[in-house]
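Heads up: the structure comes next, in C-alpha cells.
The values are calculated or read from the model by the stated rules, or taken from the named source; none is laboratory data. Predicted model, so just to flag it, every value in this text is computed and none were measured. No Cβ is skipped: glycine too gets one built from the backbone with ideal geometry, and neighbour counts run over all protein chains shown.
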Amino acid sequence: MAGGAPWWAQDEAINLATFGNLYNINKQLPFVAPYEPPQMFASYIDPDRQIAAINEAAGQAVQGLASYSGPQAFSSRMSDLQGNAAKSIADTLASVNNANQNIYNQANQINLSLQDAGRKAAADRATNIFDKNTIANQQFENSKNQARQQYVQSYTNAITNAAKAQALNTLYPQYRVDPSTGGMIFPTGVGKPFDGSQTASTYDWDEVAKRKDMLKTKFNLDDSQATKLAKEDYDRQYKASSQQPGIDPNYFTQYQGLFT
C-alpha cells in the first residue's frame with residue numbers, strides 16, 4: 001500500500017522481475033590454461049663398444065704373434081701391442097668425454113632458454129589472469145549497480161503510480177480506479193448527476209471543501225478564489241456526467257496519463 005492506494009499489478013510484476021535480476025547476477029571468472037615449460041634430456045655417447053673393438057683387435061694381434069713368433073720376440077711385440085691398445089682406449093675415452101661435455105653444454109643451454117621462456121610465459125599468464133579478473137569484477141559490479149538502479153527506479157515508480165491513483169480517486173470520488181486489478185475503474189455512487197436545476201444551495205459542500213483545500217494548497221490561492229474554482233470544477237464535473245453517462249471526460253483524461 002502507498003498513500004491509501006494499492007500498488008498497480010504492473011508495478012508488482014516489474015518489481016518482481018527487477019528484484020530477481022538483481023539477485024540472479026553471478027560473477028563469471030576467466031580461465032587461463034597453465035603452462036609447463038618443456039625440458040631437454042641429453043643422450044650421451046657410450047665408449048664401451050669402441051673400447052671392446054680395441055681390445056678385440058689387440059687380442060687378435062696377440063694370437064697372431066703367438067703363432068709365428070718366438071718367446072723373446074713375442075714378449076717384445078706383446079708389450080708394444082698392449083701399449084698401443086692402452087693409448088687407443090685413452091684416446092677414445094678422451095674423445096667421448098669431450099663429445100659428452102659438448103652435448104651436456106648444449107643441452108644445458110637449451111634448458112636454460114626453455115626455463116627463461118617458461119618464466120616469461122608464467123609472468124604473462126599471471127598478468128593476463130589479473131587483467132581478465134579485473135575486467136570480470138568490474139563488469140560484475142557494473143551489472144549489479146545497473147540492476148540495483150533499475151530495481152530502485154521500478155520501486156519509486158510504483159510508489160508514484162500508487163500516489164497518482166490515490167490522488168485521482170480523491171479528486172473524483174464518484175469513480176475509483178483499482179491499481180491492484182491493473183487499472184479497472186469502478187463507480188462509487190458518490191455525488192448526484194447535474195439535472196440543470198442545481199443551485200449553490202444544492203452543492204455537496206463537503207466535496208467542494210475538499211476541492212477548495214486542494215486548490216489552495218496546490219496553487220497557493222486565497223479562500224475566495226479557491227472556493228470559486230472548486231464550485232466551477234464541481235459544476236463541470238456533474239454537467240459532464242449529466243451530458244455523457246459513464247466516465248467523466250476530465251477523469252478519463254487524467255486516467256490516461258496515470259501510469260508511468
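Could you tell me how many of the residues in region 37-61 are over 30 Å from A122 (Cβ atoms) and among the aromatic types (F, W, Y)?
Qualifying residue count for the region: 1.
Yes/no per residue for (1) surrounded by 11 or more Cβ atoms within 10 Å (Cβ to Cβ); (2) charged (D, E, K, R); (3) modelled with pLDDT of 80 or more:
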{"position": "I14", "(1), (2), (3)": "yes, no, yes"}
{"position": "P34", "(1), (2), (3)": "no, no, yes"}
{"position": "L65", "(1), (2), (3)": "yes, no, no"}
{"position": "S88", "(1), (2), (3)": "yes, no, yes"}
{"position": "D91", "(1), (2), (3)": "yes, yes, yes"}
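Quick one: count up the residues across region 147-174 that are touching a residue at least 60 places away in the same chain (Cβ under 8 Å) and outside any helix (DSSP H, G or I).
Residues in region 147-174 being touching a residue at least 60 places away in the same chain (Cβ under 8 Å) and outside any helix (DSSP H, G or I): 2 in total.
I need the full set of residues from region 134-155 which are within 20 Å of the chain's Cα centre (by Cα) and surrounded by 13 or more Cβ atoms within 10 Å (Cβ to Cβ), in order please.
Across region 134-155, the qualifying residues are A136, Q139, F140, S143, K144, Q146, A147, R148, Q150, Y151.
Return the residues of region 1-16 that are without any contact (Cβ under 8 Å) to a residue 24 or more places away in the chain and small (G, A, S); say none if nothing qualifies.
Within region 1-16, A13 is the sole residue that qualifies.
Filtering region 27-54 down to residues that are touching a residue at least 40 places away in the same chain (Cβ under 8 Å) and under 25 Å from the mean Cα position of the chain (by Cα), which residue is farthest from Q106 (Cα to Cα)?
So, considering only residues that are touching a residue at least 40 places away in the same chain (Cβ under 8 Å) and under 25 Å from the mean Cα position of the chain (by Cα), the one farthest from Q106 (Cα to Cα) is K27.
Among the residues of region 120-134, what is the count of those that are in contact (Cβ under 8 Å) with a residue 60 or more places away in the chain and of a type outside the set (G, A, S)?
5
Just to check your reading of the model, which residue among A99, A107, A158, A121 is within 30 Å of D213 (Cβ to Cβ) and either at pLDDT 90 or above or surrounded by 12 or more Cβ atoms within 10 Å (Cβ to Cβ) (or both)?
Step by step, each of A99, A107, A158, A121 is checked, and only A158 is within 30 Å of D213 (Cβ to Cβ) and either at pLDDT 90 or above or surrounded by 12 or more Cβ atoms within 10 Å (Cβ to Cβ) (or both).
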